[in-house]
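Here it is, the structure in full.
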């Protein structure tokens, strides 16, 4: 069986590229937010703890689609005002930027919990050893905590990235030209919804499989030098 | 912040919240029923039986819910056989399409939760049941499933919350659930921040109540008591 895409194949591939770009940018923002959130939540400072906790609870309790819509449509006047202050009239958030912010926000909220769990899994003695050696707190974080935490957090982050990649489809609702949007355009022209959405589904499946393979190698690399318990 | 508008449209948003709850309730209950045989098959020691639900689970976990929803709501109409069938009045209706998609979607995830729970049951308990002369079916019904229900309950409650948030996608196929209602109101009032904020508070409230409800259920089923080995 051959699938006739009526010349929309290249457009769909371009959409796939856009999906990957969106997912990677959101991943970057989400990792930063998640790390900050986890550091805030595990810090001894009470207001910081509260801030980190509120962020992860609030963002995780509201649907991703609502965040996408809120950030795209809700910030129009705010961004306009910022534009006026910077002397750029008519400044507005692009669908891509809104998607990166919304998905990064959601990824970061879940990543906060993953990173927090990983930080708590590092034996207390390691930090104390660092302090005893006279390392500064920043040094302890960058040289002792972060390198070890990475390995523990990796499986959780991999799962979150799979979720993030599927959530990128939501950004088609605000008109970003990724896989789903291109499929929709193809449908309006050819009137073959099943064919086009099935091709879109297969593209997401392919991306998922690629990400899973990548995670397998990353995890294997991160686990080098460790023996799995119970084996 | 324009509070008067929020208060004025609160009843409409509440209507939307009720539809959201209906969608989620049907999906997670029907999904659970659908997932039980699949989960049991996935935990089986027979590789052929294990392979049967694998394709289904792989597809539904590997593609976005939005794609699945569009495949069902828009895609099925491509086939004349579907349009001429007696099911068409249901498959034409956005409500039933959303319920169907959400059920199929969540069933794949719940089946994997159930598989994990069944495999986490200590082997000794299964052997004890068999040693007492229980048939495989009886052991499954009286020992394994009740035990797996308690092990899998926390993960199941997570899945329910995820479905609550996923139900927002129903707004893309014209359903007026919480998000759809919010978008409709915004189209009339041009106040996205206020109305989306109010809708977000509704979602937070619902998930808070659900989390508390599952805590009660966990206490009632004495999940903690079963964890100690």
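Read-outs: derived from the displayed coordinates by stated rules, not from any lab. A quick note: this is a predicted structure, and the numbers were derived from the prediction, not measured. Because the Cβ atoms are built from the backbone with ideal geometry, glycine has one as well, and the counts that use them run over all protein chains shown.
Evaluate segment A:91-103: report whether one residue or more is in a loop (DSSP other than H, G, I, E, B) and either out of contact with any helix residue (DSSP H, G or I) (no Cβ under 8 Å at 6 or more places or on another chain) or within 30 Å of residue B:21 (Cβ to Cβ) (or both). Before you say what the answer is, go through the steps one by one.
At the first step, the residues of segment A:91-103 found to be in a loop (DSSP other than H, G, I, E, B) are A:91-94.
Restricting the remaining residues to those that are either out of contact with any helix residue (DSSP H, G or I) (no Cβ under 8 Å at 6 or more places or on another chain) or within 30 Å of residue B:21 (Cβ to Cβ) (or both) gives A:94.
Yes, there is a match, as at least one residue in segment A:91-103 is in a loop (DSSP other than H, G, I, E, B) and either out of contact with any helix residue (DSSP H, G or I) (no Cβ under 8 Å at 6 or more places or on another chain) or within 30 Å of residue B:21 (Cβ to Cβ) (or both).
Got a sec? Which of A:185, A:140, A:152 is more than 10 Å from chain B (Cβ to nearest Cβ) and closer than 30 Å to residue B:76 by Cα?
Values: A:140 fails: closer than 30 Å to residue B:76 by Cα; A:152 fails: closer than 30 Å to residue B:76 by Cα.
Checking each option against the conditions leaves just A:185.
OK, next. Pick out the one residue from A:48, A:78, A:65 that is more than 13 Å from chain B (Cβ to nearest Cβ) and assigned to a helix (DSSP H, G or I).
Working: A:78 fails: more than 13 Å from chain B (Cβ to nearest Cβ); A:65 fails: more than 13 Å from chain B (Cβ to nearest Cβ).
One residue alone meets the criteria, A:48.
Turning to a different aspect of this structure: Can you tell me which residues in segment A:174-196 are in contact with a helix residue (DSSP H, G or I) (Cβ under 6 Å, 6 or more places away or on another chain) and assigned to a helix (DSSP H, G or I)?
A:174, A:179, A:180, A:181, A:182, A:183, A:186, A:187, A:193, A:194, A:196
Evaluate the following for residue A:146: is it more than 8 Å from chain B (Cβ to nearest Cβ) and either crowded, with 16+ Cβ neighbours inside 10 Å or in contact with a helix residue (DSSP H, G or I) (Cβ under 9 Å, 6 or more places away or on another chain) (or both)? Show your work before the answer.
Details: more than 8 Å from chain B (Cβ to nearest Cβ): yes; either crowded, with 16+ Cβ neighbours inside 10 Å or in contact with a helix residue (DSSP H, G or I) (Cβ under 9 Å, 6 or more places away or on another chain) (or both): yes.
So residue A:146 fits the description; yes.
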